Amino acid sequence: METLVDQRIEARTDLSWPVSVWLPEANRFFNGRSSNISKAGVFVRVPMTAPLRAGHTVEINFPRTETLAKEKGQFARIRRGKIVRVER
């Protein structure tokens with residue numbers, strides 16, 4: 001029997017939001033959906049065919065609604081990050 005210990009420092013919030021993940025190695029975007037998010041990371045679901053691996057650096061595009069875009073001044077929030085785990 002294996003016991004998993006959650007070692008996260010930041011609290012996670014469930015958030016289902018459409019996202020696009022840019023993978024430079026494939027020179028393309030993969031559409032997916034966030035599952036949960038924190039200050040330090042995000043869990044994103046993408047198609048199983050997406051060739052993502054731990055260690056890849058990606059850009060994640062979080063599109064905004066028109067109302068939010070008007071408030072924030074842009075239609076998307078883009079963040080760069082490193083993939084630390086892939087579950088198939």
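Here are the numbers for the structure shown:
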| item | result |
| --- | --- |
| Radius 9 Å from Cβ of ASN36, net charge of other residues (Lys, Arg +1; Asp, Glu -1) | 0 |
| The chain: calculated mean residue ellipticity at 222 nm from DSSP helix runs of at least 4, using -39500 (n - 2.57) | -2000 deg cm²/dmol |
| Residue-normalised accessible area of the chain, given per residue in Å² at a 1.4 Å probe | 80 Å² |
| Percent RCO, i.e. relative contact order, over the chain, from Cα pairs under 8 Å lying at least 6 residues apart | 24 percent |
| Within-10-Å neighbourhood charge of LEU23 [Cβ basis; K, R +1; D, E -1] | 0 |
| 5 angstrom amide H check on VAL86, placed H, neighbours 5+ away | ALA54 |
| Karplus (6.51, -1.76, 1.60) ³J(HN,Hα), θ = phi - 60°, over the range 69-85, in Hz, Gly and Pro reported as x | 4, 5, 5, 8, x, 7, 8, 7, 10, 10, 10, 9, x, 10, 6, 9, 7 |
| Residue-span extension gain [THR49 to GLU25] - 0.36 nm each, minus C-alpha spacing | 7.2 nm |
| Lysines whose Cα lies under 20 Å from that of LYS82, excluding same-chain neighbours fewer than 8 positions away | LYS39 |
| Global size of the chain as Cα Rg and Dmax, reported in angstrom | 14.3, 52 |
| Loop sites in the range 10-88: chymotrypsin sites (Phe, Trp or Tyr not before Pro), DSSP, at most 14 other Cβ within 10 Å | PHE75 |
| Stretchable slack from ARG64 to ARG77, in nm (0.36 nm times residue separation minus alpha-carbon distance) | 3.9 nm |
| Long-range HN-HN contacts of ARG77 with modeled amide H, under 5 Å | PHE62, ARG64 |
| Accessible surface of the chain [probe 1.4 Å, protein heavy atoms]: carbon and sulfur percent | 51 percent |
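The values are calculated or read from the model by the stated rules, or taken from the named source; none is laboratory data. Note that this is a predicted model, so its numbers are computed, not measured. Here the Cβ is made from the backbone with ideal geometry for all residues, glycine too, and neighbour counts use every protein chain on show. The area values use the complete protein model at the heavy-atom level, side chains included, leaving out ligands, DNA and RNA. Shrake-Rupley method; radii C 1.70, N 1.55, O 1.52, S 1.80 Å.
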